[in-house]
Amino acid sequence: MRLHLECIDLPDPERHYQPEWIQIENKHFPTERVPIDNHQYGKCVFENCTFVYSGGPFGFFECELKGGCVLVLTGSARRASECMQAFEPYLRLITP
């Protein structure tokens with residue numbers, strides 16, 4: 001399965017904000033715990049991995065998923081997921 005997701009914060013010169021992330025390219029991750037926050041992965045292969053996400057910026061470009069990868073939510077990502085589940089029966093989710 002191919003994976004291409006982009007959620008990296010863009011630089012904001014007016015606020016002097018330059019996001020920091022770790023760029024990783026052309027790496028194979030066999031059965032590893034892989035942090036998503038503040039990482040940008042390019043042309044990587046993830047095999048039976050556990051992705052850990054806390055709600056920060058991330059990016060995946062031309063990556064491949066193999067086997068049974070799982071996603072673990074922690075911190076603000078977990079709380080956001082729990083909030084959405086609680087409100088799901090009553091509200092529509094609108095994202096800008």
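The values are calculated or read from the model by the stated rules, or taken from the named source; none is laboratory data. Note that the coordinates shown come from a computational prediction; the quantities given were computed from them, not determined experimentally. So basically every Cβ, Gly included, is an ideal-geometry build from the backbone, and we count neighbours across all protein chains shown.
Pairing each residue of the stretch 28-45 that is more than 17 Å from Val72 (Cα to Cα) with any residue that is loosely packed, with under 15 Cβ neighbours inside 10 Å and among the charged types (D, E, K, R), provided the two are 6+ apart or on different chains, yields C-beta distances under 6 Å for Gly42/Glu25; Lys43/Glu25; Lys43/Glu62; Cys44/Lys27; Val45/Glu64. Within the stretch 1-14, the set of residues being modelled with pLDDT of 70 or more and farther than 22 Å from Val70 by Cβ comprises Glu14 only.
So, Val72, is that one among the β-branched types (Val, Ile, Thr), under 14 Å from Arg2 (Cα atoms) and at pLDDT 95 or above or not?
In short, no.
In the stretch 54-68, the residues that are over 27 Å from Arg79 (Cβ atoms) reach residues that are at pLDDT 90 or above and among the small types (Gly, Ala, Ser) with C-beta atoms within less than 8 angstrom, at least six apart or across chains, in these pairs: Phe61/Gly42; Glu62/Gly42.
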